[in-house]
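The block underneath contains the structure these notes are about, expressed in C-alpha cells.
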Amino acid sequence: DRIAVDLIKDVDVNGLPFPGGTFTYTLTVHNLSNVPVTITSLTDDRSGTANDWGADCATLIGQELAATDGSVGGADTKTCTYSHDYFGSGDYPNTADVVVTDKEERTAKDQDKESVQVPERAPIDIELLKDADTETVNSGETVTYTLTFSHASSVPVYVYELTDDKFGNLLNASNPNV
C-alpha cells in the first residue's frame with residue numbers, strides 16, 4: 001500500500017483592481033491513502049506575512065486524516081483559510097506544501113500554487129466643468145460659478161489643488177473670492 005495526499009489551494013479572487021487588497025486562500029488537505037495519515041508539515045511560501053496563518057492553518061499540523069472514503073470531505077479531509085494583503089501592481093505567486101506520514105513512517109507530499117494579480121494603476125479619467133449662473137453680466141452684478149468634478153476611475157480620487165485663472169486657489173479658505 002502506497003500513501004498519497006492531495007493538496008488543493010484556492011483563492012477567493014484571482015485579481016483586484018489597483019491598489020490591491022486582501023486575498024483569501026483556502027487549503028484543503030485530502031488523504032488519498034487507504035490508511036490513516038497525520039499531517040506532519042503544512043507550509044506556504046508567504047505564511048510569514050499572512051494575516052491569520054497561525055490561527056487556522058498551522059493548527060492542522062499533527063492532526064490525523066482518516067483513510068480515504070473516495071471523495072473530498074469528511075474525516076479524510078482538513079481545511080484551513082488565511083488571507084494575505086497585496087498592494088501595488090504585480091503578479092503574486094503563492095505556493096503551499098503538505099507532508100503526511102502514516103503509522104509505518106511512510107511519507108507522501110503534495111504542492112499546489114495560486115497566483116493573484118493587481119494590474120497597473122488605471123489611468124485617472126477626470127472631468128471638471130465650470131458653469132456660470134448667467135451668460136451676460138452688467139457692471140457691479142454678482143456671478144455665481146458652479147464647479148462640477150467627476151471621475152470614472154476605479155480608485156478614489158482626491159483633489160489637492162484647484163486653481164482658477166481669475167480667482168486663484170479655490171481650496172484656500174482665506175481666499176476672499178471663494
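Descriptive notes on the structure:
- Any hit, segment 77-97, residues being among the acidic types (Asp, Glu), open to solvent by 10 Å² or more (accessible area, probe 1.4 Å) and over 26 Å from the mean Cα position of the chain (by Cα): no
- Residues that are surrounded by 20 or more Cβ atoms within 10 Å (Cβ to Cβ) and not in a strand (DSSP E or B), drawn from segment 28-49: Ser33
- Selection within segment 130-154 - outside any strand (DSSP E or B) and in contact (Cβ under 8 Å) with a residue 12 or more places away in the chain: Asp133, Thr144, Ala152, Ser153, Ser154
- Scanning segment 114-129 for residues that are in contact (Cβ under 8 Å) with a residue 40 or more places away in the chain and either open to solvent by less than 100 Å² (accessible area, probe 1.4 Å) or touching a strand residue (DSSP E or B) at 6+ places or on another chain (Cβ under 8 Å) (or both) turns up Glu114, Ser115, Val116, Gln117, Val118, Pro119, Ala122.
- Qualifying residue in segment 51-60 (condition: at negative phi, open to solvent by less than 60 Å² (accessible area, probe 1.4 Å) and among the polar types (S, T, N, Q)): no
- Lone qualifier among Lys109, Lys103 - being under 14 Å from Ser33 (Cα atoms), open to solvent by 60 Å² or more (accessible area, probe 1.4 Å) and either touching a Pro at 6+ places or on another chain (Cβ under 6 Å) or part of a strand (DSSP E or B) (or both): Lys109
- Counted residues, segment 141-150 - those being under 15 Å from Asn177 (Cα atoms) and either exposed (fewer than 10 other Cβ atoms within 10 Å of the Cβ) or among the acidic types (Asp, Glu) (or both): 4
- Inter-residue pairs, beta-carbon under 6 Å, first more than 14 Å from Thr38 (Cα to Cα) and in segment 52-69, second open to solvent by 50 Å² or more (accessible area, probe 1.4 Å), 6+ apart: Asp56/Thr81
- Per-region count, segment 151-173, residues surrounded by 10 or more Cβ atoms within 10 Å (Cβ to Cβ) and either in contact with a Gly (Cβ under 8 Å, 6 or more places away or on another chain) or at pLDDT 80 or above (or both): 10
The values are calculated or read from the model by the stated rules, or taken from the named source; none is laboratory data. Treat the numbers as computed from the prediction; the structure is a model and nothing was measured. Counting neighbours? That spans all protein chains shown, and the Cβs are built from the backbone with ideal geometry, glycine included. What goes into the accessible areas is simple: the full protein's heavy atoms, side chains included, and nothing from ligands, DNA or RNA. Shrake-Rupley method; radii C 1.70, N 1.55, O 1.52, S 1.80 Å.
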